Amino acid sequence: MISFSKQISQSIAASSLVVASLLMVGCSTTNDRTKGKSDICPVHHVQMEKETYKLGRKNPTPESLEQWSAAQKIAAQQFPYPGSQAEPLSGPNIPWDYETLYRCPQCAAAYQKWAEENPQEKFSSKRSSRN
């Protein structure tokens, strides 16, 4: 028979292990840029899907930010929701690890076509998707 104090010790140890596991899993954070926004693309009038991607930890170069800025001006009118393919790499001081945003399949295709036709202005980054 196990003593009462030994049972308490085992329960505390098991609880501590569960809490530690939850803390380790909960360390990555996500910035959800879809909250409070419609999931219908304002340009193509189709339902968009959520995309969660891992942020990079490199500082963007001034040239890459300039390219991204040029792409954003065009994107705002022609393909406002191309997904993470048109997002700049984030700097090391961003407090979250992932971002969730909307991706319109038609915006993504329009961005891809534009990027192929304008390689000098394209902002592209390799990302790992969480989905």
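Numbers below:
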| quantity | calculated |
| --- | --- |
| Looking only at region 65-79, and only at residues there that are under 15 Å from residue 42 (Cα atoms) and buried (at least 19 other Cβ atoms within 10 Å of the Cβ), the one that is modelled with the highest pLDDT | 79 |
| Odd one out for residue 37 among (1) loosely packed, with under 12 Cβ neighbours inside 10 Å; (2) modelled with pLDDT of 90 or more | (1) |
| Region 81-106, subset in contact with a helix residue (DSSP H, G or I) (Cβ under 6 Å, 6 or more places away or on another chain) and either assigned to a loop (DSSP other than H, G, I, E, B) or modelled with pLDDT under 80 (or both), residue farthest from residue 56 (Cα to Cα) | 81 |
| Complete set of residues in region 30-86 that are touching a residue at least 60 places away in the same chain (Cβ under 8 Å), within 19 Å of residue 109 (Cβ to Cβ) and not acidic (Asp, Glu) | 41, 43, 44, 46, 50, 53 |
| Odd one out for residue 52, checked against (1) at pLDDT below 75; (2) within 18 Å of the chain's Cα centre (by Cα) | (1) |
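The values are calculated or read from the model by the stated rules, or taken from the named source; none is laboratory data. It should be emphasised that the depicted structure is a prediction, and the values quoted were computed from it without experimental measurement. Cβ coordinates were reconstructed from backbone atoms using ideal geometry, including for glycine residues, and neighbour counts include every protein chain displayed.
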